[in-house]
Amino acid sequence: MYPAAEIPHVAARCGATVIQVNPDETPLDAVAGVNLRGPAAVVLPAFVAATWDGAGQM
């Protein structure tokens, strides 16, 4: 929904890495530097577990 849908395009033009989490291909695939395929409820916990060492835990 625009204008929010434009945010990844603006970010990419400004040099940011856009990461998309989606089970399906989308028009944003060409903009995203990383496309993680799958539902966010599955992909994001696995991503955090694989990349976060727990630094900053209280």
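Just a yes or no: is a residue in the range 2-13 among the hydrophobic types (A, V, I, L, M, F, W, C) and within 11 Å of the chain's Cα centre (by Cα)? Show your work before the answer.
If we filter the range 2-13 for residues that are among the hydrophobic types (A, V, I, L, M, F, W, C), which is where we start, we get 4-5, 7, 10-12.
Still in the running and within 11 Å of the chain's Cα centre (by Cα): none.
No - not one qualifying residue is present in the range 2-13.
Condition check ((1) surrounded by 12 or more Cβ atoms within 10 Å (Cβ to Cβ); (2) of a type in the set (A, V, I, L, M, F, W, C)) across all residues:
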{"residue": "Pro3", "(1), (2)": "no, no"}
{"residue": "Ile7", "(1), (2)": "yes, yes"}
{"residue": "Arg13", "(1), (2)": "no, no"}
{"residue": "Ala16", "(1), (2)": "yes, yes"}
{"residue": "Asn35", "(1), (2)": "yes, no"}
{"residue": "Val42", "(1), (2)": "yes, yes"}
{"residue": "Pro45", "(1), (2)": "no, no"}
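The C-beta contact set for the range 9-37 (first residue under 23 Å from Ala50 (Cα atoms) and free of Cβ contacts under 8 Å to residues at least 24 places away in the same chain, second residue of a type in the set (Phe, Trp, Tyr) and part of a helix (DSSP H, G or I), distance under 7 angstrom, 6+ apart or interchain) comprises Leu36/Phe47. Which numbered condition in (1) touching a strand residue (DSSP E or B) at 6+ places or on another chain (Cβ under 7 Å); (2) modelled with pLDDT under 95; (3) not small (Gly, Ala, Ser) is the only one that Pro23 fails? Of everything listed in (1) touching a strand residue (DSSP E or B) at 6+ places or on another chain (Cβ under 7 Å); (2) modelled with pLDDT under 95; (3) not small (Gly, Ala, Ser), Pro23 misses just condition (2). Among residues that are exposed (fewer than 10 other Cβ atoms within 10 Å of the Cβ) and out of contact with any Pro (no Cβ under 9 Å at 6 or more places or on another chain), Thr26 is not included.
Restricting to the range 10-51, give me the number of residues that are outside any helix (DSSP H, G or I) and basic (Lys, Arg).
As a first pass, look at the range 10-51 and keep what is outside any helix (DSSP H, G or I): 14-26, 31-39.
Adding the requirement that they be basic (Lys, Arg) leaves 37.
Residues that pass the stated criteria total 1.
The values are calculated or read from the model by the stated rules, or taken from the named source; none is laboratory data. Predicted, not measured: the structure shown is a model, and the values here were computed from it. Please note: Cβ atoms are built from the backbone with ideal geometry, for glycine as well, and neighbour counts cover all protein chains shown.
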